[in-house]
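Let me begin by presenting the structure, written as C-alpha coordinates, before commenting on it.
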Amino acid sequence: MDRKFVEFRLGSSDISAVRFGISPGHELVHAVRTILRPQSAPLHWGWFRSVQASVQAGIQGSGRPPSEAFRLMAVISGVEGYMPDFLTATPSGDMTPEEEAERLREVPDERLRFDLEKMVLRSTGARQQEIRDLIAAPDHARKVIVEAWQEVWDTLLAPVWPQMLRLLRADIGVRARRSSDTGLADMASTLHSTVTWADEIVRVQMTRHEEVVDCGGTGLVLVPSVMMATRGCAVLTERPAQPTIFYPAHGVSETWHRDGADALAALSALLGPARARLVLELQQPLSTSECAALTELAVSTASHHLTVLRDAGLIDSRRNGVRVLHTRTPLGEALAGIG
(Lines give C-alpha, C1' and ligand atoms only; values in the text may rest on other atoms or scores of the structure.)
Protein backbone atom coordinates (compact mmCIF):
# COMPACT_ATOMS: atom_id res chain seq x y z
CA MET A 1 0.00 0.00 0.00
CA ASP A 2 1.34 3.42 -0.95
CA ARG A 3 2.33 5.61 1.95
CA LYS A 4 0.48 8.91 2.33
CA PHE A 5 1.93 12.11 3.78
CA VAL A 6 0.82 15.54 4.84
CA GLU A 7 3.62 18.00 4.06
CA PHE A 8 3.93 21.29 5.93
CA ARG A 9 6.10 23.67 3.91
CA LEU A 10 7.83 26.30 5.99
CA GLY A 11 9.30 29.62 4.97
CA SER A 12 11.80 31.55 7.08
CA SER A 13 9.01 33.38 8.92
CA ASP A 14 7.28 30.05 9.63
CA ILE A 15 10.39 28.53 11.16
CA SER A 16 10.68 31.41 13.60
CA ALA A 17 7.00 30.90 14.53
CA VAL A 18 7.13 27.17 15.34
CA ARG A 19 5.65 26.85 18.81
CA PHE A 20 3.99 24.44 21.22
CA GLY A 21 0.39 24.34 22.38
CA ILE A 22 -2.04 22.46 24.61
CA SER A 23 -5.52 21.41 23.44
CA PRO A 24 -8.11 20.33 26.03
CA GLY A 25 -10.62 19.79 23.21
CA HIS A 26 -8.36 17.39 21.36
CA GLU A 27 -7.76 15.42 24.54
CA LEU A 28 -11.49 15.18 25.20
CA VAL A 29 -12.32 13.83 21.74
CA HIS A 30 -9.66 11.14 22.12
CA ALA A 31 -10.92 10.36 25.61
CA VAL A 32 -14.36 9.72 24.10
CA ARG A 33 -12.78 7.56 21.40
CA THR A 34 -10.86 5.61 24.03
CA ILE A 35 -14.10 4.88 25.90
CA LEU A 36 -15.66 3.69 22.63
CA ARG A 37 -12.70 1.44 21.81
CA PRO A 38 -10.67 0.78 24.98
CA GLN A 39 -8.93 -2.27 23.51
CA SER A 40 -6.94 0.08 21.26
CA ALA A 41 -5.44 2.07 24.17
CA PRO A 42 -3.86 -0.22 26.81
CA LEU A 43 -2.00 2.67 28.48
CA HIS A 44 -5.39 4.15 29.38
CA TRP A 45 -7.00 1.06 30.91
CA GLY A 46 -6.38 2.28 34.45
CA TRP A 47 -8.02 5.62 33.65
CA PHE A 48 -10.81 3.83 31.78
CA ARG A 49 -11.64 1.71 34.80
CA SER A 50 -11.71 4.82 36.99
CA VAL A 51 -14.39 6.51 34.83
CA GLN A 52 -16.26 3.47 33.50
CA ALA A 53 -18.92 3.51 36.20
CA SER A 54 -19.62 7.21 35.67
CA VAL A 55 -20.01 6.77 31.92
CA GLN A 56 -22.32 3.78 32.33
CA ALA A 57 -24.43 5.63 34.90
CA GLY A 58 -24.68 8.67 32.66
CA ILE A 59 -23.57 12.25 33.08
CA GLN A 60 -25.13 13.38 36.32
CA GLY A 61 -27.10 16.58 36.82
CA SER A 62 -27.77 17.30 33.14
CA GLY A 63 -31.48 16.58 33.11
CA ARG A 64 -30.88 14.38 30.07
CA PRO A 65 -31.38 10.63 29.74
CA PRO A 66 -28.41 8.57 30.98
CA SER A 67 -25.29 8.93 28.82
CA GLU A 68 -26.96 11.39 26.43
CA ALA A 69 -24.11 13.91 26.65
CA PHE A 70 -21.51 11.21 26.02
CA ARG A 71 -23.59 9.73 23.21
CA LEU A 72 -23.82 13.11 21.46
CA MET A 73 -20.05 13.64 21.71
CA ALA A 74 -19.52 10.17 20.27
CA VAL A 75 -21.89 10.92 17.38
CA ILE A 76 -20.08 14.08 16.32
CA SER A 77 -16.50 12.90 16.95
CA GLY A 78 -16.63 9.33 15.64
CA VAL A 79 -14.34 6.47 16.61
CA GLU A 80 -11.31 7.30 14.46
CA GLY A 81 -10.07 9.45 11.61
CA TYR A 82 -11.27 12.98 10.99
CA MET A 83 -12.95 14.88 13.82
CA PRO A 84 -14.69 18.27 13.45
CA ASP A 85 -11.98 20.94 13.53
CA PHE A 86 -14.17 23.27 15.59
CA LEU A 87 -13.73 20.90 18.55
CA THR A 88 -10.03 21.79 18.69
CA ALA A 89 -9.55 25.55 18.61
CA THR A 90 -6.04 26.66 17.62
CA PRO A 91 -4.06 25.39 20.61
CA SER A 92 -1.89 27.69 22.68
CA GLY A 93 0.56 26.95 25.47
CA ASP A 94 -1.70 28.31 28.17
CA MET A 95 -5.15 27.27 26.89
CA THR A 96 -7.47 26.17 29.69
CA PRO A 97 -10.56 23.93 29.45
CA GLU A 98 -12.67 27.00 30.24
CA GLU A 99 -11.17 28.90 27.32
CA GLU A 100 -11.68 25.94 25.00
CA ALA A 101 -15.36 25.72 25.96
CA GLU A 102 -15.79 29.48 25.49
CA ARG A 103 -14.30 29.31 22.00
CA LEU A 104 -16.66 26.48 21.20
CA ARG A 105 -19.58 28.75 22.09
CA GLU A 106 -18.36 31.24 19.47
CA VAL A 107 -17.92 28.87 16.51
CA PRO A 108 -19.45 30.57 13.44
CA ASP A 109 -22.43 28.87 11.78
CA GLU A 110 -20.54 28.33 8.53
CA ARG A 111 -17.67 26.60 10.32
CA LEU A 112 -20.05 24.37 12.26
CA ARG A 113 -21.87 23.35 9.10
CA PHE A 114 -18.68 22.82 7.09
CA ASP A 115 -17.12 20.48 9.64
CA LEU A 116 -20.33 18.57 10.35
CA GLU A 117 -20.89 18.05 6.62
CA LYS A 118 -17.62 16.14 6.60
CA MET A 119 -18.96 13.93 9.38
CA VAL A 120 -22.12 13.30 7.31
CA LEU A 121 -19.90 11.81 4.60
CA ARG A 122 -18.26 9.59 7.22
CA SER A 123 -21.46 8.24 8.76
CA THR A 124 -24.58 6.27 7.84
CA GLY A 125 -28.09 5.58 9.03
CA ALA A 126 -29.46 7.18 12.18
CA ARG A 127 -26.14 8.78 13.07
CA GLN A 128 -25.95 10.48 9.68
CA GLN A 129 -29.49 11.80 10.04
CA GLU A 130 -28.76 13.14 13.53
CA ILE A 131 -25.77 15.07 12.20
CA ARG A 132 -27.92 16.44 9.35
CA ASP A 133 -30.43 17.64 11.94
CA LEU A 134 -27.64 19.46 13.78
CA ILE A 135 -26.54 21.14 10.55
CA ALA A 136 -30.11 22.31 9.88
CA ALA A 137 -30.29 24.16 13.23
CA PRO A 138 -26.80 25.55 13.99
CA ASP A 139 -27.86 27.64 17.00
CA HIS A 140 -29.40 24.62 18.67
CA ALA A 141 -26.47 22.43 17.60
CA ARG A 142 -23.93 24.80 19.12
CA LYS A 143 -25.86 24.93 22.39
CA VAL A 144 -26.24 21.17 22.84
CA ILE A 145 -22.67 20.45 21.74
CA VAL A 146 -21.23 22.94 24.24
CA GLU A 147 -23.39 21.50 27.03
CA ALA A 148 -22.38 17.95 26.14
CA TRP A 149 -18.69 18.95 25.87
CA GLN A 150 -18.75 20.48 29.35
CA GLU A 151 -20.59 17.57 30.96
CA VAL A 152 -18.34 14.94 29.41
CA TRP A 153 -15.26 16.98 30.31
CA ASP A 154 -16.38 17.16 33.94
CA THR A 155 -16.79 13.39 34.08
CA LEU A 156 -13.88 12.10 31.99
CA LEU A 157 -11.01 14.56 32.23
CA ALA A 158 -11.58 17.22 34.88
CA PRO A 159 -10.57 14.81 37.70
CA VAL A 160 -7.26 13.98 35.98
CA TRP A 161 -6.50 17.27 34.22
CA PRO A 162 -3.74 18.23 36.72
CA GLN A 163 -1.94 14.97 35.97
CA MET A 164 -2.41 15.44 32.22
CA LEU A 165 -1.22 19.03 32.37
CA ARG A 166 1.91 17.95 34.24
CA LEU A 167 2.73 15.44 31.49
CA LEU A 168 1.98 17.90 28.69
CA ARG A 169 4.08 20.69 30.17
CA ALA A 170 6.91 18.28 30.91
CA ASP A 171 6.87 17.08 27.31
CA ILE A 172 6.98 20.63 25.99
CA GLY A 173 9.86 21.42 28.34
CA VAL A 174 11.89 18.47 27.03
CA ARG A 175 11.20 19.33 23.38
CA ALA A 176 11.99 23.00 23.86
CA ARG A 177 15.32 22.17 25.48
CA ARG A 178 16.19 19.71 22.72
CA SER A 179 15.29 22.34 20.12
CA SER A 180 17.59 24.90 21.70
CA ASP A 181 20.39 22.33 22.02
CA THR A 182 20.28 20.54 18.67
CA GLY A 183 17.87 22.52 16.47
CA LEU A 184 14.24 22.36 15.38
CA ALA A 185 14.74 19.64 12.76
CA ASP A 186 16.36 17.25 15.22
CA MET A 187 13.67 17.96 17.80
CA ALA A 188 10.89 17.37 15.25
CA SER A 189 12.36 14.00 14.33
CA THR A 190 11.74 12.86 17.92
CA LEU A 191 8.02 13.71 17.93
CA HIS A 192 7.05 10.35 16.44
CA SER A 193 8.42 7.79 14.01
CA THR A 194 5.99 9.11 11.38
CA VAL A 195 7.39 12.68 11.48
CA THR A 196 10.44 13.93 9.56
CA TRP A 197 11.84 17.41 8.90
CA ALA A 198 14.16 18.11 5.97
CA ASP A 199 14.71 21.06 3.65
CA GLU A 200 12.10 23.22 5.41
CA ILE A 201 9.43 20.55 4.92
CA VAL A 202 7.82 18.69 7.82
CA ARG A 203 6.27 15.42 6.66
CA VAL A 204 3.74 13.43 8.67
CA GLN A 205 2.87 9.94 7.49
CA MET A 206 -0.90 9.39 7.55
CA THR A 207 -3.20 6.41 7.06
CA ARG A 208 -5.63 7.91 4.56
CA HIS A 209 -5.04 11.62 4.11
CA GLU A 210 -2.43 13.37 1.99
CA GLU A 211 -1.98 17.08 1.40
CA VAL A 212 0.62 19.79 0.86
CA VAL A 213 0.19 22.73 3.24
CA ASP A 214 1.90 26.08 2.74
CA CYS A 215 2.13 27.48 6.26
CA GLY A 216 2.18 30.98 4.76
CA GLY A 217 4.03 32.73 7.56
CA THR A 218 1.69 31.58 10.34
CA GLY A 219 4.15 29.01 11.66
CA LEU A 220 3.45 25.50 12.88
CA VAL A 221 1.88 24.50 16.20
CA LEU A 222 3.15 21.30 17.88
CA VAL A 223 0.74 19.81 20.41
CA PRO A 224 1.55 16.89 22.72
CA SER A 225 -1.32 14.59 23.67
CA VAL A 226 -1.76 12.21 26.57
CA MET A 227 -4.83 10.49 25.13
CA MET A 228 -3.00 9.76 21.84
CA ALA A 229 -0.25 7.85 23.69
CA THR A 230 -0.88 4.62 21.79
CA ARG A 231 -1.77 6.24 18.47
CA GLY A 232 0.10 8.00 15.70
CA CYS A 233 -0.05 11.69 14.87
CA ALA A 234 -2.94 13.88 13.76
CA VAL A 235 -2.95 17.18 11.89
CA LEU A 236 -4.96 20.34 11.38
CA THR A 237 -4.54 21.80 7.91
CA GLU A 238 -7.61 23.87 7.02
CA ARG A 239 -8.09 27.55 7.76
CA PRO A 240 -8.98 29.29 9.99
CA ALA A 241 -7.06 26.84 12.20
CA GLN A 242 -3.31 27.26 12.13
CA PRO A 243 -1.25 24.36 10.76
CA THR A 244 -0.95 21.93 13.67
CA ILE A 245 0.60 18.54 14.43
CA PHE A 246 -0.71 16.53 17.40
CA TYR A 247 1.73 13.91 18.64
CA PRO A 248 1.91 11.40 21.57
CA ALA A 249 3.39 12.95 24.72
CA HIS A 250 6.47 11.61 26.52
CA GLY A 251 6.21 9.74 29.80
CA VAL A 252 2.65 8.35 29.60
CA SER A 253 2.49 5.09 31.56
CA GLU A 254 -0.38 2.83 32.64
CA THR A 255 -0.69 4.78 35.90
CA TRP A 256 -0.57 8.32 34.50
CA HIS A 257 -4.05 9.08 35.87
CA ARG A 258 -3.08 8.71 39.52
CA ASP A 259 -2.81 11.90 41.53
CA GLY A 260 0.34 13.59 42.78
CA ALA A 261 0.23 11.83 46.15
CA ASP A 262 0.36 8.46 44.40
CA ALA A 263 3.24 9.62 42.21
CA LEU A 264 5.18 10.89 45.21
CA ALA A 265 4.63 7.64 47.12
CA ALA A 266 5.78 5.52 44.19
CA LEU A 267 8.88 7.61 43.56
CA SER A 268 9.67 7.90 47.26
CA ALA A 269 9.87 4.13 47.53
CA LEU A 270 12.40 4.16 44.71
CA LEU A 271 14.46 7.30 45.35
CA GLY A 272 13.66 8.44 48.87
CA PRO A 273 11.25 11.28 49.76
CA ALA A 274 13.56 14.26 49.14
CA ARG A 275 14.84 13.12 45.75
CA ALA A 276 11.32 12.08 44.69
CA ARG A 277 10.02 15.57 45.50
CA LEU A 278 12.83 17.13 43.49
CA VAL A 279 12.12 14.98 40.43
CA LEU A 280 8.43 15.85 40.56
CA GLU A 281 8.99 19.58 41.16
CA LEU A 282 11.39 20.00 38.24
CA GLN A 283 8.67 20.45 35.63
CA GLN A 284 10.50 23.62 34.58
CA PRO A 285 14.05 24.92 35.09
CA LEU A 286 14.67 25.75 38.76
CA SER A 287 17.70 27.03 40.63
CA THR A 288 19.19 25.20 43.58
CA SER A 289 17.69 27.68 46.02
CA GLU A 290 14.25 27.36 44.40
CA CYS A 291 14.49 23.57 44.67
CA ALA A 292 15.42 23.91 48.32
CA ALA A 293 12.47 26.21 49.02
CA LEU A 294 9.94 23.94 47.27
CA THR A 295 11.12 20.85 49.13
CA GLU A 296 11.77 22.61 52.46
CA LEU A 297 15.41 21.53 52.49
CA ALA A 298 18.58 23.40 53.31
CA VAL A 299 20.33 24.65 50.17
CA SER A 300 23.33 22.44 50.86
CA THR A 301 21.10 19.38 51.28
CA ALA A 302 19.16 20.14 48.12
CA SER A 303 22.45 20.60 46.26
CA HIS A 304 23.62 17.16 47.42
CA HIS A 305 20.41 15.46 46.26
CA LEU A 306 20.53 17.29 42.92
CA THR A 307 24.08 16.06 42.39
CA VAL A 308 22.97 12.45 43.00
CA LEU A 309 20.06 12.86 40.57
CA ARG A 310 22.35 14.41 37.96
CA ASP A 311 24.87 11.58 38.31
CA ALA A 312 22.00 9.12 37.80
CA GLY A 313 21.00 10.87 34.57
CA LEU A 314 17.62 12.05 35.88
CA ILE A 315 18.31 15.79 35.75
CA ASP A 316 20.52 18.16 33.79
CA SER A 317 22.19 21.21 35.37
CA ARG A 318 23.36 24.24 33.39
CA ARG A 319 24.70 27.62 34.38
CA ASN A 320 22.56 30.61 33.44
CA GLY A 321 24.36 33.76 34.50
CA VAL A 322 25.02 33.55 38.22
CA ARG A 323 22.52 30.71 38.71
CA VAL A 324 22.64 27.00 37.97
CA LEU A 325 19.30 25.79 36.60
CA HIS A 326 18.19 22.17 36.93
CA THR A 327 15.75 20.40 34.61
CA ARG A 328 14.57 16.83 34.16
CA THR A 329 16.17 14.77 31.41
CA PRO A 330 13.97 12.58 29.17
CA LEU A 331 14.74 9.70 31.59
CA GLY A 332 13.64 11.90 34.47
CA GLU A 333 10.46 12.82 32.60
CA ALA A 334 9.61 9.17 32.06
CA LEU A 335 10.33 8.37 35.70
CA ALA A 336 8.10 11.24 36.85
CA GLY A 337 5.23 9.53 35.04
CA ILE A 338 5.40 6.26 36.96
CA GLY A 339 2.92 7.49 39.53
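Quick rundown of the values:
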item: Tensor-based shape of segment 169-324 (alpha-carbon gyration tensor, a/c under 1.5 rounded, otherwise prolate or oblate); result: prolate
item: Heavy-atom accessible area order for Leu294, Leu331, Leu10, largest first, 1.4 Å probe; result: Leu331, Leu294, Leu10
item: Alpha carbon centroid spacing (whole Å) that separates segment 135-183 from segment 266-339; result: 28 Å
item: Unit charges on C-beta of K, R, D, E only; dipole of the chain, Debye; result: 640 debye
item: The chain: calculated mean residue ellipticity at 222 nm from DSSP helix runs of at least 4, using -39500 (n - 2.57); result: -15000 deg cm²/dmol
item: Listed residue (Phe20, Ala312, Phe5) projecting farthest to the positive dipole end of the chain, Cβ model; result: Ala312
item: Tensor-based shape of the chain (alpha-carbon gyration tensor, a/c under 1.5 rounded, otherwise prolate or oblate); result: oblate
item: Positive-pole candidate from His140, Pro97, Ser289, dipole of the chain, charges at beta carbon; result: Ser289
item: List Thr124, Thr218, ordered by accessible area with a 1.4 Å probe, largest first; result: Thr124, Thr218
item: Pair Trp45, Glu211: separation of 7 Å Cα→Cβ label points (nm); result: 3.6 nm
item: Rough spin-label spacing in nm, given labels placed 7 Å along Cα→Cβ, for Thr96 and Asp139; result: 3.0 nm
item: Surface accessible to a 1.4 Å probe, per residue, for the residues of the chain, Å²; result: 45 Å²
item: Positive-end residue, segment 150-278 charge dipole about Cα centroid, Cβ charges, pick of His250, Cys215, Pro240; result: His250
item: Per DSSP, loop trypsin sites (Lys or Arg not before Pro) in segment 192-287 with at most 16 further Cβ within 10 Å; result: Arg208
item: Anisotropy class of segment 231-303 from Cα gyration tensor, a/c 1.5 cut; result: oblate
item: Potential lengthening between Arg37 and Glu296 on full extension [0.36 nm per residue; Cα-Cα distance subtracted]; result: 88.8 nm
item: Relative contact order, percent, segment 184-317 [alpha-carbon distance under 8 Å, six or more residues apart]; result: 13 percent
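The values are calculated or read from the model by the stated rules, or taken from the named source; none is laboratory data. As the structure is a prediction and not an experimental result, all values here were calculated from the model. Ideal geometry is used to build each Cβ from the backbone, glycine not excepted, and the neighbour counts take in all protein chains shown. Just so you know, the surface numbers come from the protein's heavy atoms only, side chains and all, with ligands and any DNA or RNA stripped out. Shrake-Rupley method; radii C 1.70, N 1.55, O 1.52, S 1.80 Å.
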